[in-house]
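Quick notes on the structure that follows.
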Amino acid sequence: MKTMAVFGGSGGLGTELIPLLKKKYKVIAPKSREVDITILSQVRIFFNTNDIDIVLNLTGKKHEVYLGEVEISDLHPIMDLFSVNLMGNINILSACLPKMAEKEYGRVIAISSIFAELNTPRNGIYSASKAFLDRLMGVANRENIKHGITCNTIQLGYWGVGMCDQIAEPYRSIAKEKIGLKRWGHGTELYNTIRYIIENEYVCGTNLRIDGGL
């Protein structure tokens with residue numbers, strides 16, 4: 001049984017996913033107070049003390065603001081977003097890749113967003129962070145596929161849990177109406193996508209979009 005580390009597992013997505021993942025994998029899901037992914041030393045200690053085959057990073061921060069209206073009060077949440085969405089993923093990669101290379105096996109999957117490819121007002125900073133993540137994982141894959149390590153992102157559409165909870169009405173109804181299937185994504189659909197990536201080595205360096213037909 002492969003061992004999977006899940007970061008951000010205490011959020012809405014994690015509560016749906018982890019029970020499903022545990023049927024197939026040995027899951028280690030440290031809470032943020034146990035392993036802060038924005039602190040490289042903590043991330044390295046985690047990977048040095050646990051033999052991890054698969055990494056799933058569900059963490060993410062979002063902050064909405066028009067770029068021409070950024071105020072001093074926005075700077076802290078923006079930097080928090082950068083710390084989690086950018087540095088968190090860099091820290092995870094730098095800590096897990098050497099150990100995976102030794103075993104000549106590894107799977108790294110990070111949750112991105114459809115916003116990485118959309119020019120959506122008020123979401124420029126968040127969207128840019130997810131576009132950064134997509135390219136980061138693509139390069140990580142290029143550098144490490146020779147060691148049997150695949151790195152991919154899942155560009156998530158609108159889900160019934162997680163960041164979608166932050167969308168206020170009536171915008172939730174408007175968002176759902178834009179989806180071809182006219183419904184939110186289900187946890188089992190994300191689980192099946194994660195398993196597909198893990199079990200298919202030829203899926204590597206991709207930004208796999210699952211959005212219900214947006």
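Quick note: the coordinates plus some simple rules give every number you see, no bench work behind them. Worth saying up front: this structure is predicted, and the values here are computed from it rather than measured. Note that we place each Cβ from the backbone using ideal geometry, even for glycine, and neighbour counts take in every protein chain shown.
In terms of surrounding Cβ atoms within a 10 Å radius of their Cβ, Ser112, Ser173 rank from fewest to most as Ser173, Ser112. The dipole here belongs to the stretch 87-194: it is taken about the Cα centre, uses +1 on the Cβ of Lys and Arg and -1 on the Cβ of Asp and Glu, and is about 100 debye.
Can you give the local net charge around Val70? Use residues other than it whose beta-carbon is closer than 12 angstrom to its beta-carbon, Lys and Arg +1, Asp and Glu -1.
Summing Lys and Arg as +1 and Asp and Glu as -1 gives -3.
Dipole of the chain computed with +1 at Lys/Arg Cβ and -1 at Asp/Glu Cβ about the Cα centre; of His63, Phe132, Gly148, farthest Cα towards the positive end is Gly148. Stokes-Einstein, applied to the Kirkwood radius of the stretch 50-109 over Cα pairs at a viscosity of 0.692 mPa s and 37 °C, places its translational diffusion at 243 µm² s⁻¹.
Residues whose amide H lies under 5 Å from that of Ile28, counting only those 5 or more places away or on a different chain, are Met4, Ala5, Val6; hydrogens are built 1.01 Å from N in the peptide plane. Under a model in which nothing but the beta-carbon of Lys, Arg (+1) and Asp, Glu (-1) is charged, the chain shows a dipole of about 580 debye around its Cα centre. Between His147, His186, His76, the Gaussian network model of the chain with springs among Cα atoms under 10 angstrom shows the greatest mean-square fluctuation at His76. With a cut-off of 8 Å between alpha carbons and a minimum separation of six or more residues, what is the relative contact order of the stretch 88-214 in percent? Dividing the mean separation by the residue count of the stretch 88-214 yields 30 percent. Counting charges near Leu97 (Lys, Arg +1; Asp, Glu -1) among other residues having Cβ under 14 Å from its Cβ returns a value of +2. Computed over the chain, relative contact order equals 21 percent, with contacts defined as Cα pairs under 8 Å that lie 6+ residues apart. From the alpha carbon centroid of the stretch 107-164 to that of the stretch 1-80 is 13 Å. Close amide H partners of Trp159, meaning residues 5 or more places away or on another chain with modelled amide H under 5 Å apart, are Cys164, Gly185. Taking every Cα-Cα distance in the stretch 95-214 and sorting them into 10 Å bins from zero, the calculated P(r) comes out as 13, 40, 31, 13, 3, 0 percent. A value for mean projected area of the Cα convex hull in nm² was derived from the coordinates, and within the list [x] 11.8; [y] 13.2; [z] 10.9 it appears as [x]. Within the listed set Glu34, Glu104, Glu69, the Gaussian network model of the chain (springs between alpha-carbon atoms below 10 Å) gives the highest mean-square fluctuation for Glu69. With springs connecting C-alpha atoms under 10 Å apart, model the chain as a Gaussian network and identify which of Leu13, Leu118, Leu75 has the largest mean-square fluctuation. It is Leu75. Within the shell of other residues whose beta carbon sits under 14 angstrom from the beta carbon of Gly124, the net charge comes to -1, with Lys and Arg scored +1 and Asp and Glu -1.
Its DSSP H runs of at least 4 residues, each contributing -39,500 (n - 2.57), put the calculated 222 nm mean residue ellipticity of the chain at -13000 deg cm²/dmol, to the nearest 500. The ranking of Val139, Val55, Val108, Val35 by Cβ neighbour count inside 10 Å, starting from the fewest, reads Val139, Val35, Val55, Val108.
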